[in-house]
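For reference, the structure discussed in these notes is given below.
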Amino acid sequence: MIKFLFSFPQWLRVLFSLLYLAIIAKLSLMPADEVPQIELFAGFDKVVHGCMYFGLTALACWTFHSEERRIRILYIVLFSAGFGLLMEFSQLEMQAGRAFEWTDELSNAVGALLGAGVYAWIAGVYRKKRGREED
């Protein structure tokens, strides 16, 4: 399965990442009355924020072949957290019933860090497995 994921062509990786980024922007900038209100437990929206930025970071790491140069992972985490901050400030400026929340940005950053960590782990497993196959 891991080998399959790393076999995708670059153009498809870029397409997936850009679509995912557009979905996050759309969800982040929707007026408050259009946002689905799902509250399974207290703080559920923070889990959603974390999951969205987990996915964004993991996809971006995959797109930019971060397994080849680990410094890219840091840049991608910074980009993801920065994009989350931009979305929070945009919500503040739009005045469409949405508000800037530091806890949302913290959830975005934690999700980005976890996404990078999981990606690095998966890429490490793939690299080791590929190394064994070449021996």
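Bear in mind that the values in this text are calculations on the coordinates, not laboratory data. Note that the structure is a prediction, hence the values are computed from the model and not measured. In this analysis, Cβ positions are derived from the backbone assuming ideal geometry, glycine residues included, and neighbour counts consider all displayed protein chains.
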*Evaluate the relative contact order of the chain (contact order divided by residue number), counting alpha-carbon pairs under 8 angstrom at least 6 apart; express in whole percent.*
33 percent
*In terms of modelled amide H atoms, which long-range or inter-chain residues lie less than 5 Å from the amide H of Phe64?*
none
*Given DSSP loops and a limit of at most 10 other Cβ atoms within 10 Å, what is the longest stretch of the chain that contains no such GluC sites (Glu not before Pro)?*
69-135
*What is the extension gain from Phe89 to Phe4, computed as 0.36 nm multiplied by their sequence separation minus the C-alpha to C-alpha distance, in nm to one decimal?*
26.8 nm
*Partners for Lys46 among lysines (Cα-Cα distance below 29 Å; same-chain residues under 8 apart left out)*: Lys26
*For segment 10-58, build the convex hull from the C-alpha positions and give me its volume per residue in Å³.*
76 Å³
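For the chain, what does -39500 (n - 2.57) per DSSP helix run (n ≥ 4), summed and divided by total residues, give at 222 nm, in deg cm²/dmol to the nearest 500? Before the final figure, lay out the partial values.
Values: 5 runs with 101 residues, N = 135.
Counting only the DSSP helices, I get -26000 deg cm²/dmol.
If a helix is a whole DSSP H run, which ones in the chain reach 27 Å or further along their own axis (Cα) and hold a mean Kyte-Doolittle hydropathy of at least 0.0? Display every interim value, and only then the final one.
Details: long enough: 10-29 (28 Å, 1.53); 44-63 (28 Å, 0.86); 71-94 (34 Å, 1.33); 102-134 (48 Å, -0.28).
Within the chain the helices that satisfy the rule are 10-29, 44-63, 71-94.
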*In whole Å and largest first, what semi-axes does the C-alpha gyration tensor of the chain yield when each eigenvalue is scaled by 5 and square-rooted?*
32, 14, 13
